[in-house]
1. Grab the eigenvalues of the alpha-carbon gyration tensor for segment 72-121, scale each by 5, take roots, and send me the semi-axes largest first in whole angstrom.
2. Calculate, for segment 47-103, the solvent-accessible area per residue in square angstrom, rolling a 1.4 angstrom probe over the heavy atoms of the protein chains.
3. Among all the aspartates and glutamates, which ones have a C-alpha under 17 Å from Lys71's C-alpha, if same-chain residues fewer than 8 places away are not counted?
4. For Glu200 paired with Ile125, estimate the spin-label separation in nm (one decimal), with each label point 7 Å from Cα along the Cα-to-Cβ line.
5. Quick check on my link table: of Lys159/Lys218; Lys114/Lys184; Lys148/Lys217, which ones sit more than 19 Å apart, alpha carbon to alpha carbon?
6. How large is Rg over Rh for segment 121-232, taking Rg from the Cα atoms and Rh as the Kirkwood inverse mean of 1/r across Cα pairs?
7. Note down the nm distance, to one decimal, between modelled labels 7 Å out along Cα→Cβ at Glu67 and at Asn145.
8. To the nearest 0.05, how large is the calculated FRET efficiency for Gln191 and Glu118 if R₀ is 25 Å and r is the Cβ-Cβ distance?
Amino acid sequence: MKDQNRRELLSNASVLAMAAAAIASPGSLLALPVTAEAQEKEPEVTATEDLMREHGLIRRALLVYFETVPKLRQNPSRIDPSALRQTAQLFRAFGEDYHERMLEEQQIFPLVRKQGGELQRYADILTAQHNRGREITDYVLAVTNGSKVGATHAEPLAKVFESFVLMYENHAAREDTIIFPAWKKNFSDKQLDEISDQFEDIEHKMFGKDGFEDAEKKINNIEGMLGYADLSQFTPPPPPKL
Ligand SMILES: [Fe+2]
Ligand SMILES: [Fe+2]
């Protein structure tokens, strides 16, 4: 949150009065009326929340790959390569060129590397995994370029998807739980606010608009094309009775 916004918010006497009422009666916090100002304002996204919701988007692309594996083995001729190609294009633009290259490799890893020890080793492995991922995306783009996934590519592509999804799930989970918290320790809350604004500027420079919202629309569209839009289909049946 920018300082000016914060001051405006804090100077709003009605907000203070409501906060005081909420403190006096803790259970009432959820019942606070939403001010017009709060309704108009975009909720602030912190720098690490930003990185983690980008992982959420990347994971949705990984799930498209994961869901495709059995189909590649059963009947590759029925797969629509354009949906896979669009997923790889999104992974390239949003995951590799923006999230990995502009944020992690330029902003996060250099500082984490300086923290030394195990963190330094992590930064090296994570960078090597970004590079391997880019080779894999090149491959996915190449084999999804035609009107069908050729029979000779079906099993190799299934194996590539399996290994890539496993690598990236491990990768993003380590970043969320080890790398981003370690990086965050270098800064005060005020500095993190400023960094969050810098991340937003980078996003606007790269995409000319809100890159996250646009990427979310794209993955949503791909999920729709493939029949994955309805989340409830992924709720499993109850486990066997003992
Ligand atoms: Fe990464
Ligand atoms: Fe990441």
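The values are calculated or read from the model by the stated rules, or taken from the named source; none is laboratory data. All of these numbers come straight from a predicted model, not from anything done at the bench. We place every Cβ from the backbone using ideal geometry, glycine too, and count neighbours over all the protein chains shown. Accessible surface is based on the protein model in full, side chains and every heavy atom, while ligands, DNA and RNA are left aside. Shrake-Rupley method; radii C 1.70, N 1.55, O 1.52, S 1.80 Å.
1. Listed largest to smallest, the semi-axes of segment 72-121 are 36, 14, 4 Å.
2. Computed with neighbouring chains in place, this is 38 Å² per residue.
3. Here the aspartates and glutamates satisfying the reach criterion relative to Lys71 are Asp80, Glu155, Glu162, Glu223.
4. Result for the modelled spin labels: 3.5 nm.
5. In this structure, Lys159/Lys218; Lys148/Lys217 exceed 19 Å between Cα atoms.
6. Values: Rg = 18.0 Å, Rh = 17.4 Å.
Rg/Rh: 1.04.
7. So the two model labels end up 2.7 nm from each other.
8. So the FRET efficiency works out to roughly 0.55.
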